[in-house]
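Each remark here refers to the structure printed beneath this line.
The values are calculated or read from the model by the stated rules, or taken from the named source; none is laboratory data. These numbers come from a predicted model, not from an experiment. Note that we place each Cβ from the backbone using ideal geometry, even for glycine, and neighbour counts take in every protein chain shown. Side chains included, ligands, DNA and RNA excluded: accessible areas come from the protein's heavy atoms. Shrake-Rupley method; radii C 1.70, N 1.55, O 1.52, S 1.80 Å.
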Amino acid sequence: MPDQSLRTKVKSGPWDEVFDMEGVPRPIYSRLIEYLQSFRPPELRILDDRMEATLREMGVTLDVIRKDPWGQQAWACDLLPQVFALEDWHKIVRGVRQRLEAFELLLRDVYGKKDILRQGVIPIQPVLGSPQYQNASIGLPRAQGAYLHLSGICIIRDPKGVLTVRHHHFGHAAGISYMMQNRRALARVTPDIFQESAVQSLAQTPQAIMEKLRYTTERATDEPSVVLLSPGPGSPIYSEHSFLARRMGVPLVQGDDLLVLDDRLYLKTVQGLRRIEVVYTRVADDWLDPLVFRKESRLGVPGLIHCLRQGTVSIVNSIGSQLADDRSLLCFASQIIRFYLCEEPILPTVPTYWLGDIDQRELVLGNPDAYEIKPIFGRFVGATEAHVSEEEIKAIHKEPGRFIAQPADTGAKTVCFKDGKRIEGVQDHIVFALRAGGKFEVFPGALTRVFPARESTNAFPFGWTSKDTWVIGENTEGVLTGYVRSYSDAQHPARQVTSRVAEAFYWMGRYLERAYHQAYLIQVIETLETEELNSAERKLYRPLWNRLLPPLEKSAGTSKRSIANRTDRYRLVLLPEPGSIISTFMRAMRNAESMQECLSPEAWATLSELHSRFQRSKYRKDIPEIECGRIARRLSETATRLIPQFFATASRTMLADDGWRFCEVAEMLERAIITANSVLSISKSFEGIQPGEPSRQHAMEIELSAFLRLLGTRDAYRRVYQMRAEPIRVLEMLWQNSEAPRSILRCLQRCAALLRESSPSESAGLARTLAAIEDLVHRIKRVDWPNFVRRSIEEDAPRSEAQEPPGNGHPSGALAPLLTNLLSAIMDLHHVISDGFLSHQAHITGGVQTVLKGFNV
């Protein structure tokens, strides 16, 4: 007898995925429902919060929210998974394979002889009139002679529970990473839910995709180079591109990262051009090549189609495959399957009405609220609207062939657990398949999306959610199998780091070091003013605090920064303007997001945690000074803890490749600049002190001691010199000591060593950069600090060229001009490094080839 506590209220209407007509959990769900209902509502809310935090930590996002200063919308996953029994799954596998085979034959036909159109099986307009029909693809070489390689199909249950096809995602199979991330997140939050369930694994999915992509090239090579071409961080699903590229181990590139030269495609890396043989594209066909398609495109690569014609590169999916995603073809799916395969559809299609047909249009517009009207191409995820507006009706009448309609009551009901309670929604499933030779293999899982019912649009916190999707059973039908690979030689394949990625690493390193320094200043000043200084000393040293801030970047409308009091420090932490800690960190974060695929999940989790801490602490005006100090101190302590943790975690979990080396180079360079600027800012403290002024010398000693503390070097100074702070020793420590962590000499020597590692072969850029660094290092080593300080403290010291130390360019007593000159030389290294390694991006423009649509005999 089923447990009566598991019953739910019976409702008429669509098929219920979880509960039967008696309101009892279906057998495949009974254990899962019982497990989740064993938690009290507060405990379920905690699990839900953990799920949200886990997905944020993993960097899983869906869309770019233009009005949100943080820029992205978090992905959402439910605690209750979607479960498929083997019987249902076997039917899905057979139906997916059948439909992909039929539409592969359709694409070959309509870009060839067009037999299906000539025989009148389907109308001409939905095919040749489709915006995705690419006349330019006729005659183009196809990877392995096929159009479809990695595809998806959206499946739902009709009101009777029959599995049916809702949409095609043949050209762009978006959602594979979300399918995998849901599994990872659920396993972290509720690992016990997997006990006693034989859930088929998805872990090898990226490797399987990579293995298949390698065999799509015609070039005779054991290790063809593969890249994933993305529109960039502006794409709503850029986090998916990052995840797949990272797990596949291939570069994630944008159009400007690639270059066509001598009929071949190359990747622009910090070590020069690298040949590319296979492009897995997530850019729409229309934007792939401005010389053939849209001339205004900045997402593609000029000349890419020419390389394809020459057979020097393979593109997956093949050009023209996105025609199969045209929703108007859903109306004719049964005819297509029967025409090419002489079979009845295994998976029927949801009743679909193409509004380009006048009879179907009148049927739908006679009762538009009974249908879900969609464009023939639409967004990946969207909410279901309950009503059709007058503006939409006008748009349909204007271009009816650009719309289809499906019954509004499609999709099975399901249950989600949100905020400690159960919420109902309607769901669909995107199933993914990959070509393996002459057949398709289906991944043992799916991306299940849950939308609110039409009468309840605010049922979910984000307007929608998703579910991990389980295939239960040990059967391996449809499970991807891998190939055993071995390298043809003993050398490891070169890790290809683009100039764009290296530049993003570089700026991320600089901004993180800058944010850390400012946070450390605030933390130490709060400690000094509380523990070591009296009220008079606080007033004395507050001008020093302000001088230690890094130079403010020029920006119109920026207020003057200060670190003198708690209110100023609070503004310096949270005020969203250039120069604040939050603005500096967000610059680092944007660079990290642009190459997230290159960061390990562990390193990304550290940045994500700091991002969340800042996101939860919004700037507020007119709060008490005590609270200002508390918030500034707390966030500064968090930053000084997590930023070094990021560098330490990354060094343990990431390849020490060109990308990460440039992050370390930037960290060292920024540290050298900050140290040099800090020394210059207190150079006045070294001047004008006479031997008979013990009180002034004592004040200078306290000032220098506090200065060393603010740079985190006081203990190191005492270990080296075992004496009180003196100007000469402080200068030697911060400029010439090769062991001190903030020493400029050490930072520059480390930069040179890292750059040598990044370019084993002596290139012109490397030679120029190393020459500039070594020249500056030589100058720093030759500076006679005792002579400069001694001359600075003498009244009316004679300053002649005879007293000038060789190579420094300033009179011996001119300490401030010397420090200014050296600081300028250090800052100039940025341009030397940029010119030598990072500024390799180029854009090539050209004409556009006219594209004609229609029959080609």
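Restricting to the range 270-319, and then to whatever is under 21 Å from LYS212 (Cβ atoms), under 25 Å from the mean Cα position of the chain (by Cα) and of a type in the set (Val, Ile, Thr), can you tell me which residue is surrounded by the most Cβ atoms within 10 Å (Cβ to Cβ)? Across the range 270-319, the extreme among qualifying residues is ILE276. A Cβ distance below 9 Å, combined with a sequence gap of six or more or placement on separate chains, defines the contacts here; from the range 243-258, residues that are farther than 27 Å from ARG183 by Cα and in contact (Cβ under 8 Å) with a residue 60 or more places away in the chain reach residues that are of a type outside the set (Gly, Ala, Ser) and in a helix (DSSP H, G or I) in the pairs GLN254/ARG500; ASP256/ARG500; ASP257/ARG500; ASP257/VAL501. Of all the listed residues (SER230, SER235), the sole one being in contact with a Lys or Arg (Cβ under 9 Å, 6 or more places away or on another chain), closer than 29 Å to ALA446 by Cα and at pLDDT below 90 is SER235. Residues considered: ALA802, ALA825. Of these, the only one that is modelled with pLDDT under 90, of a type in the set (A, V, I, L, M) and either closer than 30 Å to GLY272 by Cβ or outside any loop (DSSP other than H, G, I, E, B) (or both) is ALA802. Candidates LEU770, LEU766: the one that is in contact with a helix residue (DSSP H, G or I) (Cβ under 9 Å, 6 or more places away or on another chain), outside any loop (DSSP other than H, G, I, E, B), at pLDDT below 85 and more than 25 Å from VAL730 (Cα to Cα) is LEU766. Checking each residue in the range 632-673 for being open to solvent by 10 Å² or more (accessible area, probe 1.4 Å) and among the aliphatic types (A, V, I, L, M) picks out ALA648, MET654, LEU655, ALA656, MET668, ILE673. Farther than 17 Å from ARG99 by Cβ, open to solvent by 10 Å² or more (accessible area, probe 1.4 Å) and at pLDDT below 90, is that true of SER197? Yes; evaluated as a whole, the condition is true for this residue.
Scanning the range 238-266 for residues that are within 25 Å of PRO601 (Cα to Cα), in contact with a helix residue (DSSP H, G or I) (Cβ under 6 Å, 6 or more places away or on another chain) and among the aliphatic types (A, V, I, L, M) yields LEU244, ALA245, MET248, LEU252. Evaluated against (1) farther than 23 Å from ARG108 by Cα; (2) open to solvent by 20 Å² or more (accessible area, probe 1.4 Å); (3) touching a residue at least 24 places away in the same chain (Cβ under 8 Å); (4) in contact with a Pro (Cβ under 8 Å, 6 or more places away or on another chain), LEU355 falls short on exactly one condition, (2).
If you take just the helices (runs of 4 or more DSSP H) that sit entirely in the range 532-632, which of them hold at least 1 residues that are at pLDDT 90 or above and over 30 Å from ALA656 (Cα atoms)?
Here the list reads 566-574.
Being hydroxyl-bearing (Ser, Thr, Tyr), at pLDDT below 95, open to solvent by less than 10 Å² (accessible area, probe 1.4 Å) and over 17 Å from the mean Cα position of the chain (by Cα) is a property that THR221 lacks. In the set GLY152, GLY171, GLY145, GLY175, which member is surrounded by fewer than 18 Cβ atoms within 10 Å (Cβ to Cβ) and under 26 Å from ILE346 (Cβ atoms)? Of GLY152, GLY171, GLY145, GLY175, the one residue that is surrounded by fewer than 18 Cβ atoms within 10 Å (Cβ to Cβ) and under 26 Å from ILE346 (Cβ atoms) is GLY145. Checking each residue of the range 132-140 against the condition of being closer than 30 Å to ARG298 by Cβ, at pLDDT 90 or above, assigned to a loop (DSSP other than H, G, I, E, B) and open to solvent by less than 10 Å² (accessible area, probe 1.4 Å) gives at least one match. Filtering the range 321-335 to residues that are open to solvent by less than 10 Å² (accessible area, probe 1.4 Å) and over 15 Å from LEU150 (Cβ atoms) leaves LEU323, ASP326, SER328, LEU329, LEU330, ALA333.
Taking the range 110-131 as the range and being assigned to a loop (DSSP other than H, G, I, E, B) and open to solvent by 10 Å² or more (accessible area, probe 1.4 Å) as the test, the residues that pass are TYR111, GLY112, LYS113, GLN119, GLY120, VAL121, PRO123, ILE124, GLY129, PRO131. Taken over the range 232-253, the criterion of being open to solvent by less than 40 Å² (accessible area, probe 1.4 Å) and closer than 14 Å to TYR280 by Cβ is satisfied by GLU240, HIS241, SER242, PHE243, LEU244, ALA245, MET248, VAL250, PRO251, LEU252, VAL253. Looking at the range 59-71, is at least one residue surrounded by 15 or more Cβ atoms within 10 Å (Cβ to Cβ), part of a helix (DSSP H, G or I) and among the β-branched types (Val, Ile, Thr)? Within the range 59-71, none of the residues are surrounded by 15 or more Cβ atoms within 10 Å (Cβ to Cβ), part of a helix (DSSP H, G or I) and among the β-branched types (Val, Ile, Thr). Which of the residues that make up the range 141-186 are assigned to a strand (DSSP E or B) and of a type in the set (A, V, I, L, M, F, W, C)? LEU150, ILE153, CYS154, ILE155, ILE156, LEU163, VAL165, listed by residue number. Going by the structure shown, is GLU664 assigned to a helix (DSSP H, G or I), at pLDDT 80 or above, over 22 Å from ALA816 (Cβ atoms) and in contact with an Asp or Glu (Cβ under 8 Å, 6 or more places away or on another chain)? No: the conditions fail for GLU664.
Screening TYR266 against (1) touching a Leu at 6+ places or on another chain (Cβ under 7 Å); (2) free of Cβ contacts under 8 Å to residues at least 60 places away in the same chain; (3) open to solvent by less than 30 Å² (accessible area, probe 1.4 Å) leaves a single unmet condition, (3).
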